[in-house]
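Let me begin by presenting the structure, written as structure tokens, before commenting on it.
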Amino acid sequence: MKFNFIFLLTVILAFWTTVLQAGAGDGLGLFLDFGQLKAVNNETETEYQTSKIGGVQYDYQFALGDSFSLSLFGTEFVGKGALPDNTKYEYYKAGIVGAELRAWMGPVFIGLHGGQYYLTWIESQSSYSGIQWSGGSGWGLGLEGASGWSIAWYSEKSEKIIFDELPEQRIEGQRIILGYRWR
């Protein structure tokens, strides 16, 4: 987590003097997700992720004046994982459908969000564990310039997700997203 914060702070300081005088603005955004949403055992804290694959995020942002915005978003992440005592599932898919309130200070924003987090374990393209949902929340820090390019860091944590035949789990992790907003 310390590395992620230092990386994001370095990017912000490197671009601070450039033409980044943006703020809250309306528009559709599409982002690549280089972080991770991990499946974690809710009782033992065991992480089931064995490798990262990646994800995407899309959103639509509504400006609420110059200093605030509301963003409706969806994100999906796929990872390789292993469940103890259940070797038929090799991959999992985790995601969020939610809303985020952002406070803007020029091109820099701090966001708080909440929504529905989901998790499914995948055996093959036609066989999976079923999608299970739970509430959750997160927060983020980002930079979005007038050109539309954006980079942000997020921390996520869901509530308990209950499966019929699998251990109780939750989704957590840090994500770095990089993308573009059409204004």
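Here are a few things to note about the model shown:
- Residue in region 99-113 that is in contact with a helix residue (DSSP H, G or I) (Cβ under 7 Å, 6 or more places away or on another chain), within 14 Å of Glu144 (Cβ to Cβ) and either buried (at least 20 other Cβ atoms within 10 Å of the Cβ) or in contact (Cβ under 8 Å) with a residue 12 or more places away in the chain (or both) present: yes
- Residue satisfying all of: in region 14-42; outside any strand (DSSP E or B) and within 24 Å of Pro84 (Cβ to Cβ); modelled with the lowest pLDDT among these: Gln36
- Residue that is assigned to a strand (DSSP E or B), under 21 Å from Glu76 (Cβ atoms) and in contact with a Ser or Thr (Cβ under 8 Å, 6 or more places away or on another chain), where the choices are Tyr180, Tyr154: Tyr180
- Matching residues, region 55-79, being touching a Ser or Thr at 6+ places or on another chain (Cβ under 8 Å) and surrounded by 17 or more Cβ atoms within 10 Å (Cβ to Cβ): Gly55, Gln57, Asp59, Gln61, Ala63, Gly79
- Applying the set (1) crowded, with 16+ Cβ neighbours inside 10 Å; (2) under 17 Å from the mean Cα position of the chain (by Cα); (3) at pLDDT 65 or above to Tyr48 leaves exactly one unmet item: (2).
- Checked against the criterion of being of a type outside the set (Lys, Arg), outside any strand (DSSP E or B), surrounded by fewer than 19 Cβ atoms within 10 Å (Cβ to Cβ) and in contact (Cβ under 8 Å) with a residue 12 or more places away in the chain, the candidates Gly135, Gly130 yield just one match: Gly130.
- Exclusive hit being closer than 18 Å to Phe31 by Cβ and at pLDDT below 95, set Val97, Val78, Val56: Val78
Conditions (1) out of contact with any Gly (no Cβ under 8 Å at 6 or more places or on another chain); (2) under 25 Å from Gly114 (Cβ atoms); (3) among the aromatic types (Phe, Trp, Tyr), marked per residue:
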| site | (1), (2), (3) |
| --- | --- |
| Leu30 | no, yes, no |
| Phe34 | no, yes, yes |
| Asn42 | yes, yes, no |
| Glu45 | yes, yes, no |
| Gln49 | no, yes, no |
| Tyr58 | no, yes, yes |
| Gly65 | yes, yes, no |
| Phe68 | yes, yes, yes |
| Pro84 | yes, no, no |
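- Yes/no for Ile122 being under 11 Å from the mean Cα position of the chain (by Cα), over 26 Å from Ser67 (Cα atoms), hydrophobic (A, V, I, L, M, F, W, C) and surrounded by 15 or more Cβ atoms within 10 Å (Cβ to Cβ): no
- Test for Ile161: is it of a type outside the set (S, T, N, Q), surrounded by 21 or more Cβ atoms within 10 Å (Cβ to Cβ), in contact with a Leu (Cβ under 7 Å, 6 or more places away or on another chain) and over 30 Å from Ala24 (Cβ atoms): yes
The values are calculated or read from the model by the stated rules, or taken from the named source; none is laboratory data. Here the structure is a predicted model, which is why all the values come from computation and not from measurement. With ideal geometry, Cβ positions are generated from the backbone for all residues, glycine too; neighbour counts draw on all protein chains shown.
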